[in-house]
Every structure is written in C-alpha cells, then in structure tokens.
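J.: Below is one structure. I have some questions about it.
The values are calculated or read from the model by the stated rules, or taken from the named source; none is laboratory data. Since this is a predicted model, take the numbers as computed values, not measurements. With ideal geometry, Cβ positions are generated from the backbone for all residues, glycine too; neighbour counts draw on all protein chains shown.
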Amino acid sequence: MPEKKEKGKAPTKTRRFIQFSGMAIEMGALIFVGAWLGKQADAWLHLEKPYFLLAGTLLFTLAAIYRVVRDLS
C-alpha cells in the first residue's frame, strides 16, 4: 500500500525556497524603508546633499544583513 503524504507539510526544497524568498523580500523592504526615511529627512531639513539618504540606506542595509545572519544561524 503506497504511503500517504501528510497534509500541510511542504517538501524540504519548497520550504527552503519560501524561507529564502521571504528573507530577500524582507531585505529589500528594509533597505527601501531606510532610503525613504533618509530622503524624507533630507527634504525636511532642506539639505542639498543626501546625507540622511546615505546614512539611512547604510544603516538599514546593515540591519537587513544582521537579520539574515541571525535567521541563518
């Protein structure tokens, strides 16, 4: 008699794909939010050069990398 697959359990490859896809989307969203916040701060302070845009992007990129490393370990 053939074995039945349990309902609700995705194959390992599919589960890993979904996990890594979610991490990539989260990274992109975090970096986007950092850049958007930095741009808003630059506009609010009427700065000619995008200091906060660069700082926000860098800070949120580091936060995204930290989250990925934490999730993988």
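J.: Here is a check on your reading of the model: is L59 among the hydrophobic types (A, V, I, L, M, F, W, C) and at pLDDT 90 or above?
T.: Values: among the hydrophobic types (A, V, I, L, M, F, W, C): yes; at pLDDT 90 or above: yes.
Answer is yes for this residue.
J.: Could you check region 16-73 and list, in sequence order, the residues that are acidic (D, E) and not in a helix (DSSP H, G or I)? Spell out the reasoning first.
T.: Taking region 16-73 first, the residues acidic (D, E) are 26, 42, 48, 71.
Result: E48, single match.
J.: For residues in region 45-73 being among the polar types (S, T, N, Q) and touching a helix residue (DSSP H, G or I) at 6+ places or on another chain (Cβ under 9 Å), which is nearest to S21 (Cα to Cα)?
T.: Selected residue: T61.
For (1) among the hydroxyl-bearing types (S, T, Y); (2) exposed (fewer than 11 other Cβ atoms within 10 Å of the Cβ); (3) modelled with pLDDT under 95, each residue gets a yes or a no:
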| site | (1), (2), (3) |
| --- | --- |
| M1 | no, yes, yes |
| P11 | no, yes, yes |
| F17 | no, no, yes |
| E26 | no, no, yes |
| F32 | no, no, no |
| W36 | no, no, no |
| A55 | no, no, no |
| R67 | no, no, yes |
| R70 | no, yes, yes |
